[in-house]
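Only one structure is covered here, and it is reproduced in the block below.
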Amino acid sequence: MHLKQLTGATAVFLLITLVAAACTGTAVPEESIANSTAVSPTRGEPVVELPDLGAAPEFQNEVWLNSDSPVTLADQRGKVVLLEFWTFGCINCQRTIPWVKEWQAQYEGDDFTVISIHYPEFAYEREIDNVRDALARYEITYPVAIDNDRQTWRAYNQRYWPTTYLIDKNGRIRYHHIGEFTRGTDQEAVAAIEALMAEPDPVE
């Protein structure tokens, strides 16, 4: 193989690697992805493990889009909350939006809701009008917090876009997924949502 060919192949490999990591900053540990679930080796069906990962921190944001007032986690008690951290310029986040919208359409109600925290990676993503345009473009209707000061991002010890959490009816984190969803990991998320929705309501 000529040196020129080797250099070109290496360049292509590096380009693919950079694009894949664009929204994460650093490589995502493989064991961190969908680390709350597994797939049955016999039936191919999701086997959901939903450990208690601790109390979900309260949201710290005053500015919200798609909501008339600030959203609080305390007000969601009795609901399963799908919490997504994202930024609109991230291609991995863009590819995750259809999954989140699908689950909102399928499950939204007394037992389930979707809430989003928008933390920008680049300066243009800090502009609230640009976020509004993105919500209109992607037809996002669930509440979106503007987290430019990374208050909620920091409270959740966030590192990657996108990251999805499921918070149970008692405000406990029970599921954590880093990165895009795909066919397969979407089934795991659906199984987790349905399992948490089936849990008893909190005792008043």
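The values are calculated or read from the model by the stated rules, or taken from the named source; none is laboratory data. Just so it is clear, the model here is predicted, and its values are computed rather than measured. Every residue, glycine as well, gets a Cβ built from its backbone with ideal geometry; the counts of neighbours run over all protein chains shown.
Please find, among Glu188, Glu102, Glu125, the residue that is charged (D, E, K, R), buried (at least 20 other Cβ atoms within 10 Å of the Cβ) and not in a strand (DSSP E or B). Spell out the reasoning first.
Working: Glu102 fails: buried (at least 20 other Cβ atoms within 10 Å of the Cβ); Glu125 fails: buried (at least 20 other Cβ atoms within 10 Å of the Cβ).
On inspection, the qualifying residue turns out to be Glu188.
With the checklist (1) more than 18 Å from Gln60 (Cβ to Cβ); (2) loosely packed, with under 15 Cβ neighbours inside 10 Å in hand, flag the one item Tyr107 doesn't pass.
Unmet condition: (2).
Condition check ((1) surrounded by fewer than 16 Cβ atoms within 10 Å (Cβ to Cβ); (2) at pLDDT 95 or above; (3) not charged (D, E, K, R); (4) not in a loop (DSSP other than H, G, I, E, B)) across all residues:
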site	(1), (2), (3), (4)
Asn35	no, no, yes, no
Thr42	yes, no, yes, no
Asp52	yes, yes, no, no
Asn61	no, yes, yes, no
Pro70	yes, yes, yes, no
Asp75	yes, yes, no, yes
Gly78	yes, yes, yes, no
Leu83	no, yes, yes, yes
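Tell me, yes or no, whether the range 186-204 has at least one residue that is more than 14 Å from the chain's Cα centre (by Cα), farther than 19 Å from Tyr107 by Cβ and charged (D, E, K, R).
yes
Mind checking which residues of the range 128-142 are crowded, with 16+ Cβ neighbours inside 10 Å, of a type outside the set (Ser, Thr, Tyr) and in a loop (DSSP other than H, G, I, E, B)? Show your work before the answer.
We begin by selecting, within the range 128-142, every residue crowded, with 16+ Cβ neighbours inside 10 Å; these are 131, 134-135, 140, 142.
Adding the requirement that they be of a type outside the set (Ser, Thr, Tyr) leaves 131, 134-135, 140.
Answer for the range 128-142, where residues must be crowded, with 16+ Cβ neighbours inside 10 Å, of a type outside the set (Ser, Thr, Tyr) and in a loop (DSSP other than H, G, I, E, B): just Ile140.
Which condition number in (1) of a type in the set (S, T, N, Q); (2) more than 21 Å from Pro120 (Cα to Cα); (3) buried (at least 18 other Cβ atoms within 10 Å of the Cβ) is the one that Thr164 fails?
Evaluating Thr164 over (1) of a type in the set (S, T, N, Q); (2) more than 21 Å from Pro120 (Cα to Cα); (3) buried (at least 18 other Cβ atoms within 10 Å of the Cβ) leaves (2) as the failure.
Taking Glu127 and the conditions (1) without any contact (Cβ under 8 Å) to a residue 24 or more places away in the chain; (2) closer than 17 Å to Glu49 by Cα, which numbered condition does it fall short on, given that it satisfies the others?
For Glu127, the failing item is (2).
I'd like to check something: does the range 143-153 contain any residue that is surrounded by fewer than 21 Cβ atoms within 10 Å (Cβ to Cβ) and touching a Lys or Arg at 6+ places or on another chain (Cβ under 6 Å)?
So far as the range 143-153 goes, yes, one or more of its residues are surrounded by fewer than 21 Cβ atoms within 10 Å (Cβ to Cβ) and touching a Lys or Arg at 6+ places or on another chain (Cβ under 6 Å).
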